[in-house]
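Participant: Let me give you the structure first, and then I'll get to my questions.
The values are calculated or read from the model by the stated rules, or taken from the named source; none is laboratory data. Note that the coordinates shown come from a computational prediction; the quantities given were computed from them, not determined experimentally. Cβ placement follows ideal geometry from the backbone for every residue including glycine, while neighbour counts extend to all protein chains displayed.
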Amino acid sequence: MNKEKVLSGINEGFIKRGAAEVEDDDVQKVMDRASDIKNKVIDSNLLKRFSEDVKILIAMIKDYWNDVYREIPWWVIASVVFALLYVLNPIDLIPDVIPILGLTDDAAVLALCLAMTEKDILKYQNWKKSNKRTAEA
């Protein structure tokens, strides 16, 4: 397996194609398996740097799904769901059982998804902080 070739296939088109396939069941699966996703990220040395990001992404999906925060395009939610399900799946482009290399593609998908959706994630974080301050007042 050529790692560079596999990783070169992880680009915006890869995320967009995956996001185009996301359905309501996939969103529900991310919500149902949120703790599994968080644990996989936290337990992995390679993915641990994404742990705070993953918590924010899951909170954003939950707020979107529960009609609490809908000021975000569907493609962003679908991209995030795709990326989180990709991380959860142990058999992807590079199977997770391959030491170190197995999580490299997961890290690449997460990093690319974060880069693609950064503006919307920042808007969500600002909204969340604003609402938290309002709720505390």
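Participant: It is to be established whether one or more residues within region 99-113 are of a type outside the set (Lys, Arg) and touching a Pro at 6+ places or on another chain (Cβ under 6 Å).
Facilitator: The answer is yes, given that some residue of region 99-113 is of a type outside the set (Lys, Arg) and touching a Pro at 6+ places or on another chain (Cβ under 6 Å).
Participant: Hey, any hits in region 113-120 for a residue that's in contact with a Leu (Cβ under 7 Å, 6 or more places away or on another chain) and not basic (Lys, Arg)?
Facilitator: No, region 113-120 contains no residue that is in contact with a Leu (Cβ under 7 Å, 6 or more places away or on another chain) and not basic (Lys, Arg).
Participant: Six or more apart or on different chains, Cβ under 7 Å: which pairs go from a residue in region 91-104 that's small (Gly, Ala, Ser) to one that's at pLDDT below 85? Could you list them?
Facilitator: Pairs that qualify, where the first residue is small (Gly, Ala, Ser) and the partner is at pLDDT below 85, are 102/94; 102/95; 102/96.
Participant: So how many residues does region 93-107 have that are surrounded by fewer than 18 Cβ atoms within 10 Å (Cβ to Cβ), outside any helix (DSSP H, G or I) and of a type in the set (A, V, I, L, M)?
Facilitator: 3
Participant: Determine whether region 52-70 contains at least one residue that is among the small types (Gly, Ala, Ser) and either within 22 Å of residue 126 (Cβ to Cβ) or under 14 Å from the mean Cα position of the chain (by Cα) (or both).
Facilitator: Yes, that holds for at least one residue.
Participant: Residues 94, 61: which one is at pLDDT below 95 and either touching a strand residue (DSSP E or B) at 6+ places or on another chain (Cβ under 9 Å) or of a type in the set (Val, Ile, Thr) (or both)?
Facilitator: 94
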